[in-house]
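**Q** Got a structure here, written out as structure tokens. Questions coming.
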Amino acid sequence: MTITVGTELAGGTPGSTAGPAAAVPGEVAAPSRPPALSPSRANDYMQCPLLFRFRTVDRLPEPPSAAAARGTLVHSVLERLYDAPLGERTLAAAQALLPGEWDRLLEAEDRYTQLFTDGVGPDGQDLAGWLAGAGALLGTYFTLEDPNRLEPRERELLVESRLEDGPLLRGIVDRLDVAPDGAVRVVDYKTGKSPRPGYEGSALFQMRFYALVLWRERGVLPKMLQLVYLGDGQVLRGEPTEDHLRHTEQKIRAVWSAIEQSARTGSWPTRKSKLCGWCAHQDVCPEFGGTPPEIPEGAVRLRLGIDAG
């Protein structure tokens with residue numbers, strides 16, 4: 001089914017390989033790259049400023065998530081699948097990549113080893129059953145696209161652009177397709193289910209964020225933004241306009257202004273919602289009787305590029 005929608009700081013979802021490394025309490029390591037704002041971190045602030053602080057400034061560790069790990073694994077397989085020549089990008093070939101890609105992720109992210117204690121995962125599945133679940137998601141992918149009819153221009157593409165008098169924007173695009181006529185399609189894979197009608201805002205913000213950066217850096221307005229949901233086999237598509245992207249830039253600037261205000265005043269308010277049930281930081285959240293830790297000295301400046309008040 002297709003849903004057509006009309007006209008981190010840098011870092012991936014916690015638990016993914018793109019996410020920031022957990023800091024040692026009391027220590028603030030200099031960032032390897034300049035501080036930047038990603039769509040996921042912007043969404044964190046809009047969801048709850050204190051959550052943004054915990055993830056971006058404090059860098060509080062979060063337990064590995066089996067769902068997030070499976071998403072990272074499926075993304076890795078879909079990236080590697082396109083290394084195969086046309087005609088050999090089959091479901092069997094994709095599923096055969098799963099064990100090797102999982103071993104590679106374990107080498108890159110030691111915390112994933114915590115997911116299977118004595119061979120049993122947090123949902124009671126053994127590793128074989130868990131990998132089979134990832135294989136089922138790949139099976140759904142093949143019902144939505146034929147990779148033998150596609151030749152992506154870019155995969156796992158790092159995109160960056162600095163806003164004048166604003167933050168450096170940074171994100172990673174899962175796939176960039178370019179048609180013979182030069183039309184650009186931005187594709188993102190999601191291993192969860194598609195949002196209910198009327199709740200597509202967060203997903204569209206992410207895609208328009210990517211489109212804005214590409215438009216600013218390459219001077220080309222993407223023709224299509226496409227979210228591929230493997231959890232329920234739906235595709236969310238939208239055709240961005242220049243007005244959409246200007247509005248997205250205004251929204252980013254508003255979020256960044258609020259982040260700067262929080263950084264300079266030290267006020268990171270909570271925003272309680274149903275999403276709190278998924279938060280890993282309830283024990284240090286005032287909404288649940290907790291007390292936030294002291295922010296490590298220098299963390300705001302190093303991780304946000306903002307001088308705290």
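**Q** How many percent of the alpha carbon pairs in the stretch 173-258 exceed a separation of 23 Å? Don't skip to the end; give the middle numbers.
**A** Values: 858 of 3655 pairs.
Cα-Cα pairs in the stretch 173-258 separated by more than 23 Å: 23 percent.
**Q** Could I ask something else about it? Identify all lysines with a Cα-Cα distance to LYS223 below 17 Å; exclude those on the same chain that are fewer than 8 residues away in sequence.
**A** The qualifying lysines are none; the list is empty.
**Q** According to the square roots a ≥ b ≥ c of the eigenvalues of the Cα gyration tensor, what is the shape class of the stretch 60-175, taking rounded for a/c under 1.5, prolate for a/b larger than b/c otherwise, and oblate for the remainder?
**A** Here the stretch 60-175 falls in the oblate category.
**Q** Also, quick follow-up: Going by how many other beta carbons lie within 10 Å of each one, how would you line up LEU86, LEU115, fewest first? Show your work: numbers first, answer last.
**A** Working: LEU86 11, LEU115 21.
In order of increasing Cβ crowding within 10 Å: LEU86, LEU115.
**Q** Shifting gears a bit: Using θ = phi - 60° and the Karplus form 6.51 cos²θ - 1.76 cosθ + 1.60, what ³J(HN,Hα) does each residue of the stretch 251-256 get, whole Hz, x for Gly and Pro?
**A** Karplus-based 3J(HN,Hα) across the stretch 251-256 equals 5, 4, 4, 5, 5, 5 Hz.
**Q** With the contact rule set at Cα under 8 Å and sequence spacing of 6 or more, what percent relative contact order holds for the stretch 66-148?
**A** Working: 56 pairs, mean separation 32.4, N = 83.
Relative contact order, the stretch 66-148: 39 percent.
**Q** How long is the gain from GLU151 to ALA280 if the chain were fully straight, where each residue apart is worth 0.36 nm and the alpha carbon distance is subtracted? Write out the running numbers ahead of the final one.
**A** Working: separation 129, 0.36 × 129 = 46.44 nm, distance 3.92 nm.
Going from the current span to full extension adds 42.5 nm.
**Q** From the phi of every residue in the stretch 105-115, what ³J(HN,Hα) in whole Hz does the Karplus formula 6.51 cos²θ - 1.76 cosθ + 1.60 yield, where θ is phi - 60° and glycine or proline is x?
**A** Using θ = phi - 60°, the values come out as 5, 4, 5, 7, 10, 4, 5, 5, 5, 6, 5 Hz.
**Q** Let me ask something else about it. Sticking with the crude label model, points 7 Å out along Cα→Cβ, report the distance from GLN47 to ALA67 in nm, one decimal please.
**A** Going from the GLN47 label point to the ALA67 one covers 1.0 nm.
**Q** From the backbone phi of the stretch 177-189, what are the Karplus-calculated ³J(HN,Hα) couplings (6.51 cos²θ - 1.76 cosθ + 1.60, θ = phi - 60°) in whole Hz, Gly and Pro given as x?
**A** Coupling constants for the stretch 177-189: 9, 10, 6, x, 8, x, 5, 9, 10, 9, 10, 10, 8 Hz.
**Q** If you take every DSSP beta bridge whose two residues both sit in the chain, what share of them, in percent to the nearest 5, is antiparallel?
**A** Approximately 65 percent, going by the DSSP bridge assignments.
**Q** At a 10 Å Cβ-Cβ cut-off, how would you order HIS75, HIS281, HIS247, fewest neighbours first?
**A** Details: HIS75 23, HIS281 20, HIS247 13.
In order of increasing Cβ crowding within 10 Å: HIS247, HIS281, HIS75.
Quick note: the coordinates plus some simple rules give every number you see, no bench work behind them. All figures in this text were calculated on a predicted structure; none of them were measured in a lab. Note: ideal-geometry Cβ built from the backbone for every residue, glycine included; neighbour counts use all protein chains shown.
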